[in-house]
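Structure, as structure tokens:
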């Protein structure tokens, strides 16, 4: 379980997160939604320990990670996998080398075992046979799938997704959504997804949390979330401008 | 008016000190991570190849022409008081103490220093550095340490090549074109150049190797703002390193002559 307690973060005196509280249950997919520039990625980077909060607590199971030193954080991060918005594949390496990279760094495996594991992970994301290609030779959707293969290479307990479907066509969006669902089910992972693609959100989520004004203003399973009486939530779900909703009421 | 001017000076000074502090912090972190396993020899070799082997051609080219122009200039200067025979010594001395390390550092900076800033900068803006951290790999240890040690190790070797081919270039102009006696050229060179001159050149090249890789890495690592940011980081890395090299050569020379 991941718990964020009274989290505050400002950049140049501009508050981004304000007394934010959020509980992310284990073994489920929690999607955090909110407007662009609202602090969703900042929130995700706090969970990963890439950004330290100004105040508040971040708990991963029984460990308060915001108090850990950088070296101790590395131990925790081995439990995490992360799919970055643009994949963040190393462009000086082939796809095979990218997926093999965390295994080479953290597992004592022979070259043959690594090769087998890489083929396995790539097959899981439907990308068999692209080991020798460079990231620049792949399409946006393929790059994201390859990045997912790298993210699950160390078989993490927690998988984080930063806007996994942004910039993809509807078919590829559905493919990535199915991958998120399959991966979560197969490994019983705790998944945290940042997204503002509403269709995609309801497809993958067990829980939805909405971030607005630096706080979580609504949280719950998809059915309950859809029925929310919070005006900001409804405006967001229906893609309605705030002034339009004021006219309708 | 005066207040605005003072604010401007104060702001620039603070920014300069902040930058200097950041560079020193990166240097200390790199030293700490140098002696922390795992040791990344493969990355070191790769960087030595990139900074060193791939710079040989341009270092040889600039070295030959530096030696040739030094010979030509010193010949016409020395002829005024009949001192042409000193040409070999002057060419070798200038190359060993000053021209070799400075020219080598400037060309390696233009080629490899800029590439280091651009590569690490691109990795920063495309979240590849965050990806390293997420895989529990320290980016300073993985990216910066091998580059800094490669710079410290290969720039002196490139400088030695530069000095050597510079002397050959000076010899060709002096002996073959300007008819200086070959024996005199070599004799003066041996008599005038001392071990301490070579040591001075090597010390400079080690410092310059450190400066160009450290500043390139620092600027790349702290890149902000997309493609424009990468361009800015690259330009700043090259300009700051060039200025630091010229200031550095003066400081080191003055220390040697104390």
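Working only within segment B:82-94, note down all residues that are over 18 Å from residue B:182 (Cβ atoms) and outside any helix (DSSP H, G or I). Lay out the reasoning, then the answer.
Residues of segment B:82-94 over 18 Å from residue B:182 (Cβ atoms): B:82, B:93-94.
Of everything in segment B:82-94, just one residue is over 18 Å from residue B:182 (Cβ atoms) and outside any helix (DSSP H, G or I), namely B:82.
Residues checked against (1) modelled with pLDDT of 95 or more; (2) closer than 20 Å to residue B:164 by Cα; (3) within 15 Å of the chain's Cα centre (by Cα):
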position: B:181; (1), (2), (3): no, yes, no
position: B:211; (1), (2), (3): yes, no, yes
position: B:218; (1), (2), (3): yes, no, no
position: B:239; (1), (2), (3): yes, no, yes
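Restricting the first residue to segment B:118-140 and requiring it to be within 8 Å of chain A (Cβ to nearest Cβ), which pairs with a second residue that is part of a loop (DSSP other than H, G, I, E, B) and surrounded by 22 or more Cβ atoms within 10 Å (Cβ to Cβ) meet a Cβ separation below 7 Å and a spacing of at least six or different chains?
Every condition considered, the pairs that remain are B:126/A:88; B:127/A:88; B:128/A:88; B:130/A:88; B:131/A:88.
Return only the number of the condition from (1) without any contact (Cβ under 8 Å) to a residue 24 or more places away in the chain; (2) within 24 Å of residue A:47 (Cβ to Cβ) that residue A:241 does not satisfy.
(2)
Among the listed residues B:97, B:147, B:79, B:111, identify the single one that is farther than 28 Å from residue B:230 by Cβ, in a helix (DSSP H, G or I) and touching a helix residue (DSSP H, G or I) at 6+ places or on another chain (Cβ under 6 Å).
Selected residue: B:97, the only one of B:97, B:147, B:79, B:111 that is farther than 28 Å from residue B:230 by Cβ, in a helix (DSSP H, G or I) and touching a helix residue (DSSP H, G or I) at 6+ places or on another chain (Cβ under 6 Å).
For segment A:199-220, give me the residue count where each residue is within 21 Å of residue A:23 (Cα to Cα), touching a helix residue (DSSP H, G or I) at 6+ places or on another chain (Cβ under 7 Å) and in a helix (DSSP H, G or I).
Number satisfying all stated conditions: 3.
Considering segment A:130-183 alone, what residues qualify as being within 14 Å of the chain's Cα centre (by Cα) and either without any contact (Cβ under 8 Å) to a residue 24 or more places away in the chain or part of a loop (DSSP other than H, G, I, E, B) (or both)?
Listed by number, the residues that qualify are A:152, A:156, A:157, A:163, A:164, A:165, A:166.
Which of the following residues is closer than 22 Å to residue B:124 by Cβ and buried (at least 18 other Cβ atoms within 10 Å of the Cβ): A:87, A:96, A:140?
A:87
Within segment B:20-38, how many residues turn out to be part of a helix (DSSP H, G or I) and in contact (Cβ under 8 Å) with a residue 60 or more places away in the chain? First the steps, then the outcome.
We begin by selecting, within segment B:20-38, every residue part of a helix (DSSP H, G or I); these are B:20-34.
If we keep only those that are in contact (Cβ under 8 Å) with a residue 60 or more places away in the chain too, we end up with B:22-23, B:26-27, B:29-30, B:33-34.
Here the count works out to 8.
Can you work out which of the residues in segment A:58-67 that are touching a helix residue (DSSP H, G or I) at 6+ places or on another chain (Cβ under 8 Å) and outside any helix (DSSP H, G or I) is farthest from the other protein chains (Cβ to nearest Cβ)?
Among them, the one singled out is A:59.
Only one of (1) buried (at least 24 other Cβ atoms within 10 Å of the Cβ); (2) within 12 Å of chain A (Cβ to nearest Cβ) fails for residue B:112. Which number is that?
Evaluating residue B:112 over (1) buried (at least 24 other Cβ atoms within 10 Å of the Cβ); (2) within 12 Å of chain A (Cβ to nearest Cβ) leaves (2) as the failure.
Are any of the residues in segment B:112-127 modelled with pLDDT under 95 and over 14 Å from residue B:221 (Cβ atoms)?
Checked against the condition, which is being modelled with pLDDT under 95 and over 14 Å from residue B:221 (Cβ atoms), segment B:112-127 yields no hits at all.
So which of B:95, B:172, B:158, B:106 is surrounded by fewer than 19 Cβ atoms within 10 Å (Cβ to Cβ) and away from chain A (no Cβ under 14 Å)? So that I can check it myself, show each step before the final result.
Working: B:95 fails: surrounded by fewer than 19 Cβ atoms within 10 Å (Cβ to Cβ); B:158 fails: surrounded by fewer than 19 Cβ atoms within 10 Å (Cβ to Cβ); B:106 fails: surrounded by fewer than 19 Cβ atoms within 10 Å (Cβ to Cβ).
None of the other options fit; the residue is B:172.
Would you say residue B:106 is over 30 Å from residue A:104 (Cβ atoms) and under 16 Å from the mean Cα position of the chain (by Cα)?
For residue B:106, the condition - over 30 Å from residue A:104 (Cβ atoms) and under 16 Å from the mean Cα position of the chain (by Cα) - is met.
The values are calculated or read from the model by the stated rules, or taken from the named source; none is laboratory data. What you see is a predicted model, and the numbers here were worked out from it, not measured in a lab. Backbone-built Cβ (ideal geometry, glycine too); neighbour counts: all protein chains shown.
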